[in-house]
Structures are given as C-alpha cells and as structure tokens.
1. Mind listing whichever residues of region 243-258 are of a type in the set (G, A, S) and more than 22 Å from S188 (Cβ to Cβ)?
2. I'd like the full set of residues that are touching a residue at least 40 places away in the same chain (Cβ under 8 Å) and among the aromatic types (F, W, Y), limited to region 81-104.
3. Against the conditions (1) more than 13 Å from S235 (Cα to Cα); (2) at pLDDT 75 or above; (3) of a type in the set (S, T, N, Q), where does S145 fall short? Just the number, please.
4. With the structure loaded, tell me whether L196 is assigned by TED's automatic domain parsing to the domain that holds F97, in a strand (DSSP E or B) and at pLDDT 95 or above or whether it fails that test.
5. Can you work out which of the residues in region 107-134 that are surrounded by 17 or more Cβ atoms within 10 Å (Cβ to Cβ) and among the charged types (D, E, K, R) is farthest from E64 (Cα to Cα)?
Amino acid sequence: MILNYRIYFIALLAFIGNTLSAQDILILKNGTNLPVKIKSMDNGKVHYTQLPDNSIIYIIDKSEIETINRLETASENFHRQQIKIDIIALSFSTFNFGYERVINGGKSWEAFIGFDPSGSRRSFEIGSEYKFYFKRTSLKKILDSDLFSGTYTFMHLSAAIQENETNLRNPITGSINEGVKTDKALFSGLGFGWQLQSKNISMDISSSILYFAGTTSIQVLESTTRTEPITSYNSGSGMLNGENNIALNIKFKVGYQF
C-alpha cells in the first residue's frame with residue numbers, strides 16, 4: 001500500500017515538472033525572458049498566461065518582442081525592418097527607395113531617398129516619415145505577419161533639389177532663351193496610408209498634403225540669374241506636385257522584410 005502511494009507521488013512530481021518545463025519563452029526587446037503559455041496571436045498582439053497561474057491572460061504588442069520560443073514549434077523571429085521601392089516613381093524613370101523599421105507599440109520610422117540622374121530634369125530628395133498604425137490587420141496568425149500591416153497616419157519631412165533645363169524667359173530682355181531652373185525646397189506635412197502584408201512582401205499605398213518653402217533660381221544664357229521664393233514645385237514624376245506652396249504626394253511602394 002505504501003509502495004503504491006510512493007508510485008503515485010513520484011508520478012505526480014514528474015507530471016508537475018513536465019508541466020512547468022512545457023512552456024513558451026517570450027524574449028523581449030529589452031532583454032527580459034518571460035516563461036509563458038501562449039493562448040493566441042492576432043491583431044498585432046500576443047495573448048498569454050504566466051505559469052503556474054493560468055487564470056489571468058496578459059496581452060503584449062508584437063513589436064515589443066524580439067523572439068519567441070514555442071513549445072510546439074521552432075523559434076520564430078520577427079521581421080522588424082524592410083526595404084521598399086516606389087513603383088509609381090519607377091514608371092516615370094525615377095527612383096525612390098525606402099527603409100522602414102518598427103519602433104514599438106504600433107509605430108515605425110521610414111527613411112527614403114529619391115533621385116532622377118538623367119535627362120533634362122535632374123532631381124534629388126531625402127526625407128523621413130514617422131508612422132502611427134491604427135488597429136492592425138492580421139493576415140495570418142503568425143508572429144511576423146502583421147508588424148507593418150494596417151492603416152496608419154504619418155508625419156512627413158523632406159528636402160529636395162532639382163534642375164530643369166528648358167526654354168525660359170530672360171528676366172532682363174524678355175526674350176526666350178535656353179536656361180536652367182533650380183528649385184530648392186523643404187517639405188513637411190501629414191498623410192494617411194494603408195499597408196498590406198503577405199509573409200516577407202508588403203504593399204504600401206499612401207498620400208500626404210505637404211507645405212513647402214524654398215527658392216527658385218532662373219539662369220539664362222549663363223549670365224543672367226534671378227532668385228525668388230518658390231511657390232510651385234513639379235517633380236517630373238507626377239507624384240510630388242504643388243502650387244501656392246501646397247503639394248500633394250502620392251506613393252505606391254513594394255517592400256521586402258528581413
């Protein structure tokens with residue numbers, strides 16, 4: 001009889017030890033390791049309980065997690081950064097590349113550079129956007145599927161310069177001659193966007209209203225130059241154009257996460 005109790009007791013200890021060891025591990029970005037039991041993962045959140053008490057369900061944003069070690073599956077890593085290219089700009093033979101990285105809590109930062117090195121219109125633009133995501137769209141209930149997904153609003157800040165070789169009116173004689181128009185401008189404003197994820201590939205559509213200020217210089221016959229405050233801007237790609245110091249900026253980007 002005593003032997004049977006000992007067997008039951010040993011079996012109970014083995015069961016408890018196996019239960020405590022059968023746990024998932026959340027490795028946070030701040031270096032903290034959390035032994036948990038994951039209940040579900042959706043809408044950019046991880047729902048979990050902390051052992052041995054399974055009565056309370058905690059919720060943590062996926063962007064705060066570096067890696068998760070699953071009991072049932074292999075370790076999964078988050079793709080918190082991606083590179084992008086603007087398809088609309090590319091269709092106008094210009095280039096616009098971006099790099100986006102998740103910060104935390106539904107926020108990301110994107111830096112971009114654009115240029116058109118050939119033809120009569122040469123341009124260069126550099127800037128950044130700070131994004132605030134709304135309720136995220138979970139395409140698949142996997143960890144790295146929706147760090148960049150959903151609708152968002154963003155703040156835009158950029159600087160641009162372009163030279164356009166064209167026929168211009170001489171500011172002194174009034175005649176039409178070949179010349180160079182140089183625009184230098186700073187842009188700032190707000191916008192909205194929507195980003196869709198599928199595994200490592202993303203699609204990002206955004207538009208923004210920007211205020212810009214700067215100078216326009218007109219040089220005719222390599223000798224006559226006039227500089228005045230800028231009031232209009234035309235990027236040549238059709239996607240960054242403005243009059244009266246207000247511009248509309250539209251982008252359609254495809255990205256790859258890594």
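1. First pass over region 243-258, keeping only residues of a type in the set (G, A, S): 247, 255.
Correct list: G255 only.
2. Answer for region 81-104, where residues must be touching a residue at least 40 places away in the same chain (Cβ under 8 Å) and among the aromatic types (F, W, Y): just F92.
3. (2)
4. Values: assigned by TED's automatic domain parsing to the domain that holds F97: yes; in a strand (DSSP E or B): yes; at pLDDT 95 or above: no.
Answer is no for this residue.
5. R121
The values are calculated or read from the model by the stated rules, or taken from the named source; none is laboratory data. If you're wondering where the values come from, they're calculated on a predicted model, not measured in any experiment. Note: ideal-geometry Cβ built from the backbone for every residue, glycine included; neighbour counts use all protein chains shown.
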